[in-house]
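Notes for the one structure printed next.
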Amino acid sequence: MNYELFYKGIAASLIYSLIGIAVLLLAYWLIERLTPEQSWQEIVKNKNIALAIVFAAFILGISIIIAAAIHG
């Protein structure tokens with residue numbers, strides 16, 4: 001078994017995962033700044049289920065885009 005190729009694959013996976021998480025957090029931060037209210041406080045304190053569903057859909061959508069970009 002070629003261990004060098006194996007470790008390169010693991011390293012690439014970790015790097016792409018970290019980049020994907022960073023892009024996801026950046027996108028969330030950007031949306032949080034563009035919206036007029038603090039979404040996390042609205043979801044937790046006011047129990048706004050509709051806003052929670054919208055942000056969940058946003059996170060899933062951005063995650064799918066990032067995965068497609070990484071996969072090529």
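Things to note:
- Check on Ile31, surrounded by 13 or more Cβ atoms within 10 Å (Cβ to Cβ) and in contact with a Phe, Trp or Tyr (Cβ under 9 Å, 6 or more places away or on another chain): yes
Here is a yes/no grid of residues against (1) free of Cβ contacts under 8 Å to residues at least 12 places away in the same chain; (2) out of contact with any Phe, Trp or Tyr (no Cβ under 7 Å at 6 or more places or on another chain); (3) open to solvent by 50 Å² or more (accessible area, probe 1.4 Å):
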| site | (1), (2), (3) |
| --- | --- |
| Ile10 | yes, yes, yes |
| Ser17 | yes, yes, yes |
| Val23 | no, yes, yes |
| Ile53 | yes, yes, yes |
| Ser63 | no, yes, no |
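The values are calculated or read from the model by the stated rules, or taken from the named source; none is laboratory data. Given the structure is predicted, the values throughout are model-derived calculations rather than measurements. Cβ coordinates were reconstructed from backbone atoms using ideal geometry, including for glycine residues, and neighbour counts include every protein chain displayed. Areas reflect the complete protein model, heavy atoms only, side chains present, ligands, DNA and RNA absent. Shrake-Rupley method; radii C 1.70, N 1.55, O 1.52, S 1.80 Å.
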